[in-house]
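K.L.:
Structure below; questions to follow.
The values are calculated or read from the model by the stated rules, or taken from the named source; none is laboratory data. Everything quoted here is computed from the prediction, not taken from an experiment. Cβ placement follows ideal geometry from the backbone for every residue including glycine, while neighbour counts extend to all protein chains displayed.
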Amino acid sequence: MAARSLEIGPAGIRAARTIEILRTERGLAQRELAARVTALGRPMSNTMLSRIERAQRRCDIDDLVAIAQALHVPVPALLHGPATA
């Protein structure tokens with residue numbers, strides 16, 4: 001069985017860009033958003049968040065939910081892009 005590709009698809013890239021846009025619009029440093037996510041029970045370092053925003057790390061559903069909560073937006077807003085957030 002071939003190994004599953006870890007390439008990030010269009011939805012993942014859109015979510016990564018939206019996370020970065022919303023974070024900067026709210027005046028949050030990566031370290032601050034990562035701390036908020038961690039406080040919600042999903043441990044995340046600023047390095048992990050940086051790699052998610054640059055689409056160098058896959059964002060699993062639990063990460064996505066915690067990031068959305070930390071940014072005070074519904075999860076679909078991260079998936080649809082900044083125009084709907």
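K.L.:
Within region 44-85, count every residue that is among the charged types (D, E, K, R), over 12 Å from R17 (Cα atoms) and surrounded by 15 or more Cβ atoms within 10 Å (Cβ to Cβ).
P.N.:
Adding up the residues that qualify gives 2.
K.L.:
Identify, by number, the condition in (1) surrounded by fewer than 17 Cβ atoms within 10 Å (Cβ to Cβ); (2) at pLDDT 95 or above; (3) not in a helix (DSSP H, G or I); (4) not polar (S, T, N, Q) that E32 doesn't meet.
P.N.:
Every condition holds for E32 apart from (3).
K.L.:
In region 7-24, is there at least one residue being over 11 Å from the mean Cα position of the chain (by Cα) and modelled with pLDDT of 95 or more?
P.N.:
Taking every residue of region 7-24 in turn, at least one turns out to be over 11 Å from the mean Cα position of the chain (by Cα) and modelled with pLDDT of 95 or more.
K.L.:
Okay, moving on. So is G12 on the phi > 0 side of the Ramachandran plot and either not charged (D, E, K, R) or not in a loop (DSSP other than H, G, I, E, B) (or both) or not? Walk me through how you get there before you give the answer.
P.N.:
Numbers: on the phi > 0 side of the Ramachandran plot: no; either not charged (D, E, K, R) or not in a loop (DSSP other than H, G, I, E, B) (or both): yes.
Judged against the criteria, G12 is not a match.
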